[in-house]
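Here the structure comes first, spelled out in structure tokens, and everything after it is commentary.
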2 protein chains.
Amino acid sequence: MSVAKEFEAANANYAASFTKGDLQLPPQRKVAVVACMDARLDPARALGLEEGDAHVIRNAGGRVSDALRSIIISQQLLGTREIIIVHHTDCGMLTFTDEVIRGKIHEDLKQNVDHIAFLPFGDLRQSVLDDILLLKDSPLVLDVPITGYLYETETGRIVKVGDNQ
Amino acid sequence: MSVAKEFEAANANYAASFTKGDLQLPPQRKVAVVACMDARLDPARALGLEEGDAHVIRNAGGRVSDALRSIIISQQLLGTREIIIVHHTDCGMLTFTDEVIRGKIHEDLKQNVDHIAFLPFGDLRQSVLDDILLLKDSPLVLDVPITGYLYETETGRIVKVGDNQ
């Protein structure tokens with residue numbers, strides 16, 4: 001069975017007891033979370049989010065440079081006024097370089113992707129600090145509280161790395 | 001109290017009963033979900049995802065062109081072999097155009113963002129079909145099953161819009 005079919009079955013259960021059809025479009029808690037796409041991280045469960053609470057933006061590494069379009073829309077059109085960044089231990093982004101993945105794609109897919117920055121990093125804490133600074137310095141991002149965490153996939157805990165205060 | 005402090009308190013509860021510290025990095029169900037960042041959509045609850053199951057990539061609109069870096073990493077380095085796209089009813093991306101948001105940013109932030117494509121859309125179903133086609137035609141994306149849904153924020157249901165078969 002494809003995963004799609006399994007998702008449809010699971011969703012039928014979710015919808016059968018669904019009671020949140022009246023939620024409004026703007027996030028109630030006025031916050032945008034930028035987190036890694038990693039399968040082990042569930043931002044809603046790990047941070048106590050209910051449906052309607054927060055924008056959740058996710059990509060490989062939880063990199064803010066790749067989330068800028070979404071953050072601008074979140075702030076300018078939907079009123080969020082705080083940003084939370086969540087990277088995590090044992091991240092895949094620690095395991096390769098642009099050269100490695102570009103080489104693999106050239107070998108396997110016969111494509112040149114030298115124009116794509118895959119945004120890997122060598123130091124987890126620094127990756128969070130770099131992303132806080134990038135947002136803080138961007139003229140396209142409002143001056144709002146920004147807090148960065150490392151999620152420990154081993155313990156389920158978030159550990160604060162820095163903020164923009 | 002900042003939302004960050006509330007997240008820290010909620011996370012302490014999550015971590016106190018955490019039992020999933022042994023999960024592996026590659027997603028167990030070998031699937032990547034691309035979904036909108038909308039606050040009302042919780043992909044894990046709505047699709048029956050447990051920690052460790054799936055990559056979840058989220059951005060404004062759930063647009064795949066803005067998820068390409070993450071999809072390539074997901075497939076090339078972490079072995080996912082199916083893609084699920086989830087857009088949703090009452091999406092904020094239906095409410096503006098590039099001209100509108102560029103004008104607002106020029107007015108409010110005194111910045112020119114004519115170089116940023118904000119990827120809004122006028123037709124929900126078509127936005128899903130367009131995104132399936134973009135992935136299907138990309139030489140950087142493997143030929144894997146792709147299924148696109150609309151999530152109904154009013155009912156909690158996902159409705160299939162198309163696939164690449």
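Derivation of every value follows stated rules applied to the coordinates shown; laboratory data play no part. Note that the structure is predicted; figures quoted are calculated from it, not measured. Cβ: placed from backbone, ideal geometry, glycine included. Neighbour counts: every protein chain shown.
Some observations on this one:
Condition check ((1) closer than 22 Å to B:R29 by Cα; (2) hydrophobic (A, V, I, L, M, F, W, C); (3) part of a loop (DSSP other than H, G, I, E, B); (4) touching a residue at least 12 places away in the same chain (Cβ under 8 Å)) across all residues:
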{"position": "B:I71", "(1), (2), (3), (4)": "yes, yes, no, yes"}
{"position": "B:Q75", "(1), (2), (3), (4)": "yes, no, no, yes"}
{"position": "B:D90", "(1), (2), (3), (4)": "no, no, yes, yes"}
{"position": "B:E99", "(1), (2), (3), (4)": "no, no, no, no"}
{"position": "B:Q111", "(1), (2), (3), (4)": "no, no, yes, no"}
{"position": "B:L134", "(1), (2), (3), (4)": "no, yes, no, yes"}
{"position": "B:P139", "(1), (2), (3), (4)": "no, no, yes, no"}
{"position": "B:Y149", "(1), (2), (3), (4)": "yes, no, no, yes"}
{"position": "B:E154", "(1), (2), (3), (4)": "no, no, yes, yes"}
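- Filtered residue count, the stretch A:152-165, keeping only those that are of a type outside the set (S, T, N, Q) and either in contact with a Ser or Thr (Cβ under 7 Å, 6 or more places away or on another chain) or under 23 Å from A:S74 (Cα atoms) (or both): 5
- So A:I146, is it touching a Leu at 6+ places or on another chain (Cβ under 6 Å) and either among the hydrophobic types (A, V, I, L, M, F, W, C) or surrounded by fewer than 16 Cβ atoms within 10 Å (Cβ to Cβ) (or both): yes
Residue by residue, here is whether (1) under 28 Å from B:G162 (Cα atoms); (2) buried (at least 18 other Cβ atoms within 10 Å of the Cβ) holds:
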{"site": "A:F7", "(1), (2)": "yes, yes"}
{"site": "A:A15", "(1), (2)": "yes, no"}
{"site": "A:L23", "(1), (2)": "yes, yes"}
{"site": "A:V34", "(1), (2)": "no, yes"}
{"site": "A:L49", "(1), (2)": "no, yes"}
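- Selection within the stretch A:8-36: residues that are charged (D, E, K, R) and free of Cβ contacts under 8 Å to residues at least 24 places away in the same chain. The member of this set that is farthest from A:G156 (Cα to Cα) is A:D22.
- First in the stretch B:44-69 and of a type in the set (S, T, Y), second anywhere and surrounded by fewer than 22 Cβ atoms within 10 Å (Cβ to Cβ), Cβ under 9 Å, 6 or more apart: B:S65/B:A117; B:S65/B:L119; B:S65/B:L134
- Members of the stretch A:18-60 that are more than 7 Å from chain B (Cβ to nearest Cβ), in contact with a Pro (Cβ under 7 Å, 6 or more places away or on another chain) and part of a loop (DSSP other than H, G, I, E, B): A:L49
- Candidate set from the stretch A:37-59 (those that are small (G, A, S) and touching a Lys or Arg at 6+ places or on another chain (Cβ under 6 Å)); member that is farthest from B:G156 (Cα to Cα): A:A54
- Taking the criterion of being in contact with a strand residue (DSSP E or B) (Cβ under 7 Å, 6 or more places away or on another chain) and closer than 25 Å to A:L129 by Cβ, the residues of the stretch A:1-38 that qualify are A:R29, A:V31, A:A32, A:V33, A:V34, A:A35, A:C36, A:M37, A:D38.
- On inspection, A:H115 does not qualify as more than 7 Å from every other protein chain (Cβ to nearest Cβ) and assigned to a strand (DSSP E or B).
- Count of the stretch A:149-165 residues, restricted to those that are buried (at least 16 other Cβ atoms within 10 Å of the Cβ) and among the polar types (S, T, N, Q), is 1.
- A:K5 being more than 7 Å from chain B (Cβ to nearest Cβ), of a type in the set (D, E, K, R) and within 22 Å of the chain's Cα centre (by Cα): no
- Subset of the stretch B:118-128 [surrounded by 15 or more Cβ atoms within 10 Å (Cβ to Cβ) and in a helix (DSSP H, G or I)]: B:L124, B:S127, B:V128
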